[in-house]
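Take a look at the structure below.
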Amino acid sequence: MKQSKLFGKTLRESPKDEQSVNARLLVQAGYAEKLMAGVYSFLPLGLRVLNKIEQIIREEINAIGGQELLLPALHPREPWEQTGRWETVDDLYKLTDSSGRDFALGATHEEVITPLVKRDIFSYRDLPLALYQFQTKFRMELRAKSGLLRGREFLMKDLYSFHASEKDFQSYYEKAKEAYKKIFSRLGIGDKTVLTFASGGSFSKYSHEFQTLTTAGEDTIYLCENCRVAVNAEIVSEQKVCPECDRAKDELKIAKAIEVGNIFPLKTRFSDSFRLTYKDEAGQDQPVIMGCYGIGLGRVMGAIVEVHHDDEGICWPKSVAPYQVHLVRLGDEPEIVKQADTLYEKINKLGSEVLYDDREISSGVKLKDADLIGLPLRVIVSAKTVAAGKFEYKQRAADKTALSSDIKVLLKLL
């Protein structure tokens, strides 16, 4: 991609109305643009990052038997009335059309997926079943002030599992835990993300969150550094010790974190509302046991930026970077242009994703933008490198640069 054609220009200054690091950097670097508090447009660079996050999640959820579908975002009032949540879910956006019919913008999808699967589940032979989607959610967030970490409109992966027995549910729940660990590891935040015990609300005693450690986090957790698990501060009064090794609360480290995913039992809460049952081997009707597993993609993107940045800009992990190589041409003399164009073609032919800064602007601005955008590998063509018959390269997080004439050197770094 030639940067002169890229939609989404960098800003010379950080946006003044953004409080969080993730929003300031993503807007300034041309990844996103705020429409209003809690609602962002994703520009081409940002969408490439989101798509890579989505694909990593898709691969790991497919690996544990998930089947992908897409459910509506506009819901009729009736299923929400049937579960008793039309009046009790306080962050639900509601609207009425010109004929007086009531609808909700989907904040979650239990009211849609449960009656849907009722169509196909009859016998124990139809279970277990795991269905997931990537869908836009809407929640009436009153404190939309943390950039991508707290939105009113956001993209989420939600997985729902359906089981004939508690034993089968628990087995799948453990598989989902491991899949989530793999996801966050591949996203480049695995070493900063810990399994956290949280309140189960009306569904169970406990649920589990995946919390990414960063001072920008809005959640407070009590971390056991020995076991690498934590307890959310909201349930510390119930869970006074580490759930794994029984270390006392005063031995746990208080830390700030961002919730990037959660998993929790639904038991038969929604099965009962919609009479979702199956016939067991004796031909008796039994309620289907359900589980729910969510990851907010924009929130993950914001968390990655909060963890991977420095004073100059973003430092993307290779797995989610919009492009792997930032080819920067310093100078517009014919020989410089020729060498940069040739190198661009060669890198493309090798299958690496490359953003080519071919803009006719100052070298200083180009180098500053390269650090701000934060691609994993920067390659420079200048009068100096042309004279030496080489190119200069540098990894984003490294201090030193090097020269080479062998393009294979770049492949080893990607």
Of the residues in the range 279-324, how many are of a type in the set (A, V, I, L, M, F, W, C), outside any strand (DSSP E or B) and either surrounded by 20 or more Cβ atoms within 10 Å (Cβ to Cβ) or under 13 Å from the mean Cα position of the chain (by Cα) (or both)?
12
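Looking at Glu59, Glu54, which one is part of a helix (DSSP H, G or I), charged (D, E, K, R) and in contact (Cβ under 8 Å) with a residue 60 or more places away in the chain?
Numbers: Glu59 fails: in contact (Cβ under 8 Å) with a residue 60 or more places away in the chain.
Only one candidate qualifies: Glu54.
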Residues that are among the β-branched types (Val, Ile, Thr), surrounded by 20 or more Cβ atoms within 10 Å (Cβ to Cβ) and either within 30 Å of Ala387 (Cα to Cα) or in the same structural domain as Ile53 (by TED's automatic domain parsing) (or both): does the range 335-343 have at least one?
no
Those residues that are touching a residue at least 60 places away in the same chain (Cβ under 8 Å), small (Gly, Ala, Ser) and out of contact with any strand residue (DSSP E or B) (no Cβ under 6 Å at 6 or more places or on another chain), I need them from the range 202-238; list them, please.
Ser202, Ala216
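Does the range 227-240 hold any residues that are closer than 16 Å to Gly190 by Cα and part of a loop (DSSP other than H, G, I, E, B), and which are they? Walk me through how you get there before you give the answer.
Within the range 227-240, the subset closer than 16 Å to Gly190 by Cα is 227-230.
Cys227, Arg228 - these are the residues of the range 227-240 that are closer than 16 Å to Gly190 by Cα and part of a loop (DSSP other than H, G, I, E, B).
Anything in the range 386-400 that is under 28 Å from His308 (Cβ atoms) and surrounded by 12 or more Cβ atoms within 10 Å (Cβ to Cβ)? List them, or say none.
Taking the range 386-400 as the starting set, the residues that turn out to be under 28 Å from His308 (Cβ atoms) are 391-400.
Within the range 386-400, Phe391, Glu392, Tyr393, Lys394, Gln395, Arg396, Ala398 meet the criteria.
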Failed condition for Glu244, given (1) modelled with pLDDT under 95; (2) in a helix (DSSP H, G or I); (3) farther than 26 Å from Gly84 by Cβ; (4) in contact with a strand residue (DSSP E or B) (Cβ under 8 Å, 6 or more places away or on another chain), with all others met?
(2)
If you check every pair at least six apart or on different chains, which have Cβ atoms under 9 Å apart with a residue in the range 115-127 that is within 14 Å of Ser271 (Cα to Cα) and at pLDDT 95 or above first and a residue that is assigned to a loop (DSSP other than H, G, I, E, B) and among the basic types (Lys, Arg) second?
Lys118/Arg275
Has the range 196-213 got at least one residue that is in contact with an Asp or Glu (Cβ under 7 Å, 6 or more places away or on another chain), part of a strand (DSSP E or B) and at pLDDT below 95?
yes
First in the range 70-85 and assigned by TED's automatic domain parsing to the domain that holds Tyr160 and part of a loop (DSSP other than H, G, I, E, B), second anywhere and surrounded by fewer than 16 Cβ atoms within 10 Å (Cβ to Cβ) and not acidic (Asp, Glu), Cβ under 6 Å, 6 or more apart
Ala73/Thr136
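Would you mind finding the one in Glu306, Glu353 that is at pLDDT 95 or above, among the acidic types (Asp, Glu) and assigned by TED's automatic domain parsing to the domain that holds Ile61? Don't jump to the end; show me each part of the working.
Details: Glu353 fails: assigned by TED's automatic domain parsing to the domain that holds Ile61.
Exactly one residue qualifies, and that residue is Glu306.
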Confirm whether Leu327 is surrounded by 15 or more Cβ atoms within 10 Å (Cβ to Cβ), without any contact (Cβ under 8 Å) to a residue 60 or more places away in the chain and not in a helix (DSSP H, G or I).
yes
Condition first: more than 29 Å from Lys181 (Cβ to Cβ) and of a type in the set (A, V, I, L, M). Can you find one or more residues in the range 60-69 that meet it?
no
Would you point out which residue out of Asp341, Asp332 is in a helix (DSSP H, G or I) and without any contact (Cβ under 8 Å) to a residue 40 or more places away in the chain?
Asp341
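The values are calculated or read from the model by the stated rules, or taken from the named source; none is laboratory data. What you are looking at is a predicted structure, and each value in this text was computed from that prediction instead of being measured. In this analysis, Cβ positions are derived from the backbone assuming ideal geometry, glycine residues included, and neighbour counts consider all displayed protein chains.
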